[in-house]
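Everything on this sheet refers to the single structure shown next.
Every number in this text was worked out from the coordinates using simple rules, so none of it is lab data. Treat the numbers as computed from the prediction; the structure is a model and nothing was measured. A quick note on method: Cβ atoms are made from the backbone with ideal geometry, for glycine too, and the neighbour counts reach across all protein chains shown.
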Amino acid sequence: MSKIVILGAGISGHVAASHLRRKLDKTHEVIVVSPNSNYQWIPSNIWVGIGRMKSKEILFPLAPLYKKKGIGFKQAKVTSFYPEGDSETEKPFVVAEYVSAEKKGETERITYDYLINATGPKLNFETTEGLNPGTNKTYSVCTYTHADHANEGLQALIAEMKKGKEAKIVIGTGHAKATCQGAAFEYILNVEQELRRQKVRDKAKITWISNEYKLGDFGMDGMLLSYGSNIMKSHEMVEMVFEDRNIDWILGAGVNKIEDGLAHYETLTGEYKTIEYDFAMLIPSFSGHGFKAFDKNNNDITDKLFKGFMIVDADYAPKPYEDWTVQDWPETYQNPNYQNIFAPGIAFAPPHSISKPRKSPNGTEIFPAPPRTGMPSGITAKLVADNIIDSIKNNTESLHHKGSMGNMGAACIASAGFGITKGSGVSITTFPIVPDYKKYPDTMGRKLGKTFGEIGLAGHWLKLMLHYAFIYKAKMRPFWYLIPE
Amino acid sequence: MTQRISKFKRFVMMNPIIQFFKFIFLSIKVLLIVAGGHGGTREVHK
């Protein structure tokens, strides 16, 4: 009998738990430890943030589902890792502190045979002074509660605009090293369309602010893509959309301080500037959760497990940008020091950024961190689960399932406006996610045809279909496993 | 505002009938790319 403990119940953790439970018989224990009581389909937060979808439509409680499916659930947050056990507990374990009302504050040692760390990122608002969702007129759409607040702020502003107020709206990244530009890109287009729908677009000046060097970088160094019969760069495509929607942009901007209605930022040219706003949605930087790890003698071994995020089978050797290769990226997401620990999704430490690192003359690094959200999170979680299942069934370590982001496709179906007939979407697929410049030297490291862009109503329908399909899958309804990650 | 998308292109982008076929095409294409498999990179280049 094996006991598999999964930390986190987001896209990655929930995918791993679902597949493990489906493929392992009930003699094996599958336990999810998460401080969140609900599962949320994060990509639809964009629509919650403009009031076109209720937050209850994108979430459901985890406990009843897990009870029904035979998955253990502890609503608790992990604080420390003991991968060798200690003097009292022989087996490896994690220490978790309950957050649920009935057990709040209690701690428990949760032992495991296999551990999947799918804790995702910490939303590191505090690294940007004054960036706190719901204060200083800044908002976030990173969680459904943040998105609810953002919608309240937006609707209040729209009400004022209907009375004649001229408004400045700023959307983008709230830190020099933030990632997830895609979410901000979706939100700015949805806000723009919502203002048009509510007939106040002429009263708003909308500005995109981002740490990207060029538009359409998305933390993936941009891409060359097929667009109809044309081949264009992603920055040209995004530029076309922004110009067409009358959205201004500020690039190479590291936002470092927020005051009420003021965003202070440093540019790649070393200038310090400020932009005023009446409403801002700024994505924070992501970081690891600051977990601690100890060996059996209680010595601190945090650096064997973590490098901010969790260390996996990547090549972390420092080297110049020109020497980075796609082979540096992990394939199995296994910790090299403890073979029974894995970290799929956002929880693994990337070996380096995908976008070219850039510094201002003042020494501030301003460039996007690599994205691992959404589709890669699900795919890497499934392959980790499959390797654990094989290892248990074969009674020997099996790492046949591999999925490097350098050999994996991803689709970014970015909503550009909500509405069955008036909606729009920018559908972009990219293959591979991490560019392979040796394999595809003439197409910026990506395979054309598999890397393409489309704009139109169909994109909105596709994103809406994915919303319903993935919530169906997450609820583990009949044949859920036929829907790919 | 700079008009960067022509009226014809906009018509194509928003016409529900044309977009229905585009939706089918996109769904299949995305499915093939995403579910088309993934793997390692290290052996391939050895």
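Please compute the net charge surrounding A:G134, taking Lys and Arg as +1 and Asp and Glu as -1 over other residues with Cβ under 14 Å from its Cβ.
Net local charge, A:G134 excluded: -2.
For the range A:245-333, rounded, prolate or oblate, judged on the Cα gyration tensor with a ≥ b ≥ c (square roots of eigenvalues), a/c < 1.5 rounded, else prolate if a/b > b/c? Each step should come with its number before you reach the end.
Values: a/c = 2.90, a/b = 1.82, b/c = 1.60.
Judged from the Cα gyration tensor, the range A:245-333 comes out prolate (a/c at least 1.5, a/b above b/c).
Could you give the length gained on full extension between A:L448 and A:A469, defined as 0.36 nm per residue of separation minus the Cα-Cα distance, in nm?
Between A:L448 and A:A469, full extension yields 4.8 nm more.
Please say if the range A:435-485 is rounded, prolate or oblate, where rounded means a/c under 1.5 for a ≥ b ≥ c the square roots of the C-alpha gyration tensor eigenvalues, and otherwise the choice is prolate for a/b larger than b/c and oblate otherwise?
oblate
Under 1.5 on a/c is rounded, so check that first for the range A:340-480, then, if it is not, pick prolate when a/b is larger than b/c and oblate when it is not; a ≥ b ≥ c are the square roots of the alpha carbon gyration tensor eigenvalues. Spell out each step's value before the answer.
Values: a/c = 1.82, a/b = 1.08, b/c = 1.69.
Here the range A:340-480 falls in the oblate category.
What distance in nm lies between label points placed 7 Å from Cα along the C-beta direction at A:K422 and A:K257?
Going by the 7 Å Cα→Cβ label model, 4.1 nm.
Against the 2.2 N^0.38 Å scaling, with N counting residues, where does the protein assembly as shown land? I'd like the Cα-based Rg ratio to two decimal places.
Numbers: Rg = 22.7 Å, N = 531, 2.2 N^0.38 = 23.9 Å.
Expressed relative to 2.2 N^0.38 Å, the Cα Rg reads 0.95.
Count charges around A:D260 for me, please; just the other residues with Cβ under 11 Å from its Cβ, Lys/Arg as +1, Asp/Glu as -1. Intermediate results must be reported in sequence, preceding the final value.
Numbers: positive: A:K137; negative: A:E259, A:E276, A:D278.
Cβ neighbours under 11 Å give a net charge of -2.
Based on the alpha-carbon set only, what is the convex hull volume of the range A:53-178 divided per residue, in Å³? Write down the numbers at each step before the final one.
Numbers: hull volume 22.3 nm³, N = 126.
So the per-residue Cα hull volume is 177 Å³.
Please give the net charge around A:E88, taking every other residue with its beta carbon less than 12 angstrom from that of A:E88, where Lys and Arg add +1 and Asp and Glu add -1.
On the way: positive: A:K91, A:R109, A:K296; negative: A:D86, A:E90.
Here the charged neighbours net out to +1.
222 nm [θ] for chain A, helices only, -39500 (n - 2.57) per DSSP H run of 4+, per residue, to 500?
For chain A, the value works out to -7500 deg cm²/dmol.
When you look at the Cβ of every residue in B:13-26, what mean number of other chain Cβ atoms sits within 10 Å?
5
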